[in-house]
1. Give the calculated FRET efficiency between Ala257 and Tyr278 to the nearest 0.05, with a Förster radius of 25 Å applied to their Cβ-Cβ distance.
2. Quick check: from the Cα gyration tensor, does the stretch 153-287 come out rounded (a/c under 1.5), prolate or oblate?
3. Sort Ile182, Ile290 so the one with the fewest other Cβ atoms within 10 Å of its own Cβ comes first.
4. Amide H of Phe136: which non-local residues (sequence gap of 5 or more, or other chain) have their own amide H closer than 5 Å, using H built in the peptide plane?
5. For the stretch 130-188, run through the trypsin sites (Lys or Arg not before Pro) and keep only the ones in DSSP coil with at most 11 other Cβ atoms within 10 Å of their Cβ.
6. Compute the whole-percent fraction of alpha carbon pairs in the chain spaced more than 33 Å apart.
7. If you filter the stretch 198-263 for trypsin sites (Lys or Arg not before Pro), then keep DSSP loop positions with at most 14 other Cβ within 10 Å, what is left?
8. Can you list, largest first and rounded to whole Å, the semi-axes you get for the stretch 258-316 by taking the square root of 5 times each eigenvalue of its Cα gyration tensor?
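Taken together, the values in this text are just the output of simple stated rules run on the coordinates, not laboratory data. Computed from a predicted model, the values in this text were never measured in an experiment. We place every Cβ from the backbone using ideal geometry, glycine too, and count neighbours over all the protein chains shown.
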Amino acid sequence: MATIKEIAEIVGVSSAAVSRVLNYDEGISVSAETRAAIFAAAEKVGYKKRIIFPKIENVALLYFTEAEDELEDIFYQNVKDELLKQARKMNIHLTVYSKKDGMDAIPKDLNAFVAVGWLNRKEINRLYRICKRGVFIGTSPDEKLFDAVRPNMDSFVTQIVDYFMEKGHRTIGFIGGPDRNIDTGLPSMDIREWSFRQSASYYNCLNEDYILISDKFTVEEGYRLGKELLTKETIPTSLCVASDTLAVGVLQALNEAGVQVPEQVAVFSINDVNIAKYLSPPLTTIHIDIPIICETALDLLRNRVLSGGKITKSIFVNGTPVFRKSC
């Protein structure tokens, strides 16, 4: 690891001078040439200035997930693990509270919180009375009350439909699941389905027979909907699947029926869970960058606590297509 002493030896100045220049100390008297040489040497040796984060204590990680499938649970577990890891680096002291612990377990003197999972309107209002500095990951239940960081699902689906159209597909199916209304708790249209309908309508290829919606995001439901798709008089040449968890079941159903993927049906999914690369065929999917999402959420939290930010922010994080053999 590069050090200030190493830079000082390259430039031929004292370590103190290097430190003051790299910290933009305007009181130090050095020539413009020396200043430029110090920055050039620092870049050459890969020097990274140590960042000291102010301590932020009494922060809750509300892990209120209700994943009904192991693969979905692994995704949320990865989010939790990444949050805890990055919080340690940023000197943020997180305490985890699960849905099983309940709202009563949340301290009344809470400094701030990060929430992963789903809360209803009553819980959100109660949480706001306890603490007004909070960030939701994956959902934005009330954007006027709390910050939120979400994967850009709308863009993901649009990219998938655009890709299929560019490849010459004219029949595109969609397999997805529901969202939930925070006021009633009843199922509502998920943003991925909404985006698919918009994109397919734009290309004049929307076919209701090819839109299959499950009650939940599980492998079993993906398998069931895959089997249901195969009962149609004709099947689409391409499938946009709302999550890798559903896609695992869909691929199983297609494989059992002898449908060739991607020759007969191309499959494109979202999430890039670890198992996606080991499926048959390996699944093309959009990678969701969990570290970036967690870093962004904690930056929002730090701004709220340290700078007193008042305006709520909703940030959408883009993903990266990972092309494998399913399309």
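1. On the way: r = 21 Å, r/R0 = 0.84.
FRET efficiency, Ala257 to Tyr278: 0.75.
2. Working: a/c = 1.38, a/b = 1.16, b/c = 1.19.
Verdict is rounded for the stretch 153-287.
3. Details: Ile182 17, Ile290 20.
Taking fewest neighbouring Cβ atoms as first place, the list is Ile182, Ile290.
4. Sorted by chain and number, the residues that satisfy this are Ala115, Asp147, Ala148, Val149.
5. Working: sites: Lys132, Arg133, Lys144, Lys167, Arg170, Arg180; in loops: Lys132, Arg133, Lys144, Lys167, Arg170.
Passing both the DSSP loop test and the Cβ count: Lys144.
6. Values: 22399 of 53301 pairs.
Percentage above 33 Å: 42.
7. On the way: sites: Lys216, Arg224, Lys227, Lys232; in loops: Lys216, Lys232.
Here the sparse-neighbourhood loop sites are Lys232.
8. Details: eigenvalues 323, 26, 5 Å².
The answer is 40, 11, 5 Å, longest axis first.
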